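Have a look at the structure below before the remarks.
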Amino acid sequence: MKLKSSKAYPWIVVGLLWVVALLNYMDRQMLSTMREAMQIDIAELESAVNFGRLMAIFLWIYGCISPFAGAIADRISRKWLIIGSLAVWSGVTLAMGFCTTYNQIYVLRALMGISEALYIPAGLSLIADYFTGSSRSLAVGIHMTGLYLGQAVGGFGATIAAAFSWQQTFLCFGIVGVAYAALLAIMLEDRRNEKSECGPDAAEPQAKEPVWKSFALIFSNISFWTILFFFAASSLPGWSTKNWLPTLFAESLGIPMSQAGPLSTITIAVSSFFGVLIGGSLSDNWVRKNIRGRIYTSAIGLAMMIPALVFIGLGSGLVSAIGAGVCFGVGYGMFDTNNMPILCQFVSSRHRATAYGIMNMTGVFFGALITQVLGRWADKGNLGLGFTLMAAALGIALLLQLTVLRPTTDNLE
């Protein structure tokens, strides 16, 4: 209890959840690299269509569950929701090591979509409650770096599978997650349960509020619609760089995928890492002097992404590609780290997880849509043009962000 009451404990929470974020993205990403190893034992995976279904079922269920996951996080202990979520998806990862049929993997992948969707709204709203002052963006940004690193580490699943086996790889990563869930049960505390700023009964009215009423209140907020729009607009290039940038680099630079993949992934991941740190610190300092400081910082990030997409889509040459990738990554990081802090300026603490769950659902669905659209454009040789056109959506989002969002507080209660 002494540790949990110390001034350093909020940062310890960020560290604890950073590992959860890493495991979240690592476990979901790992399967995407292991098809070649798994199809030796499960013949159905030789079909790209069947493998695509495995990836798609996760995204669709993850997206559908996200808003309800947020509503749950606003009503029960986020500590146990996070722990339960981590334990279930880690257990799913472990169980995949025992799979012998395609249908077994399909069901487990769907279950992973449910369990992983429960984490992000709960984790981010918990951090937001611990950091009600001017360090909120930096705290959220540090947490987001765990997602980026987890995605990168998950990409080494095939490497580990080649050294051992795909079954042992799933078993190893699953055991690590289950063990860490046990550690969280001891170390993690939900702030609103430990100390409520509004008294011990402050959470009771929210617990009785119908879910439909929470959704109605959120959707009646014009500012939330603006936040939702620029979050969705940024999800288009966000998912596009994950799924199609390696292909675009291979085509535009004339290099093999074995080089284009690491080049694109490392460029975006590393620059985004620095972007969240820059954007978090800048936002936290700026908001002390100007209540719109977080919005301006996010707008700078969006503004950097716009020309970067144009150069990614239409540019040629290695220097141009890397330069545009770095510009996009830094801008995306500055934008990404301020989404929850900006949401806190317009949505009360009682509804933040629900609101972020809606945002998460929208982002995933827009990501799934743009992935399919770019696939068709790629078949026609217009992949670069597709990246360029996404800059227009960001331009509209930037305009709305600067004209509509006018907060009166940094932490709406």
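Values as computed for the structure displayed
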{"read-out": "Residues located in segment 379-396, provided they are assigned to a helix (DSSP H, G or I) and of a type in the set (S, T, N, Q)", "value": "388"}
{"read-out": "Answer from 355, 308 - the residue that is in contact with a Phe, Trp or Tyr (Cβ under 7 Å, 6 or more places away or on another chain) and under 18 Å from residue 265 (Cβ atoms)", "value": "308"}
{"read-out": "Flag if residue 316 is part of a loop (DSSP other than H, G, I, E, B) and surrounded by fewer than 22 Cβ atoms within 10 Å (Cβ to Cβ)", "value": "yes"}
{"read-out": "Single condition residue 399 does not satisfy, out of (1) assigned to a helix (DSSP H, G or I); (2) closer than 16 Å to residue 227 by Cβ; (3) touching a residue at least 12 places away in the same chain (Cβ under 8 Å); (4) not β-branched (Val, Ile, Thr)", "value": "(3)"}
{"read-out": "Qualifying residues in segment 384-408 (those that are polar (S, T, N, Q) and open to solvent by 40 Å² or more (accessible area, probe 1.4 Å)) - the one farthest from residue 349 (Cα to Cα)", "value": "403"}
{"read-out": "When residues of segment 338-357 are limited to those that are β-branched (Val, Ile, Thr) and within 21 Å of residue 297 (Cα to Cα), the one surrounded by the most Cβ atoms within 10 Å (Cβ to Cβ)", "value": "342"}
{"read-out": "Any hit, segment 119-127, residues being among the small types (Gly, Ala, Ser), touching a residue at least 60 places away in the same chain (Cβ under 8 Å), within 21 Å of residue 358 (Cα to Cα) and not in a helix (DSSP H, G or I)", "value": "no"}
{"read-out": "Which listed residue is open to solvent by less than 40 Å² (accessible area, probe 1.4 Å) and more than 18 Å from the chain's Cα centre (by Cα), from 63, 52", "value": "52"}
{"read-out": "Verdict on residue 107 being open to solvent by less than 20 Å² (accessible area, probe 1.4 Å), at pLDDT 90 or above and over 18 Å from the mean Cα position of the chain (by Cα)", "value": "no"}
{"read-out": "Selection count, segment 4-49, where residues are open to solvent by 50 Å² or more (accessible area, probe 1.4 Å), closer than 29 Å to residue 273 by Cβ and free of Cβ contacts under 8 Å to residues at least 60 places away in the same chain", "value": "3"}
{"read-out": "Selection within segment 323-333 - farther than 16 Å from residue 384 by Cβ and open to solvent by 10 Å² or more (accessible area, probe 1.4 Å)", "value": "326, 327, 330, 332"}
{"read-out": "Matching option when the condition is more than 28 Å from residue 72 (Cβ to Cβ), modelled with pLDDT under 90 and touching a helix residue (DSSP H, G or I) at 6+ places or on another chain (Cβ under 8 Å), among 391, 378, 368", "value": "378"}
{"read-out": "Identity of the residue in segment 156-194, part of a helix (DSSP H, G or I) and of a type in the set (Ser, Thr, Tyr), that ends up farthest from residue 10 (Cα to Cα)", "value": "159"}
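The values are calculated or read from the model by the stated rules, or taken from the named source; none is laboratory data. As the structure is a computational prediction, the values presented were derived from the model and not from experiment. No Cβ is skipped: glycine too gets one built from the backbone with ideal geometry, and neighbour counts run over all protein chains shown. Keep in mind that these areas ignore ligands, DNA and RNA; they rest on the heavy atoms of the full protein, side chains included. Shrake-Rupley method; radii C 1.70, N 1.55, O 1.52, S 1.80 Å.
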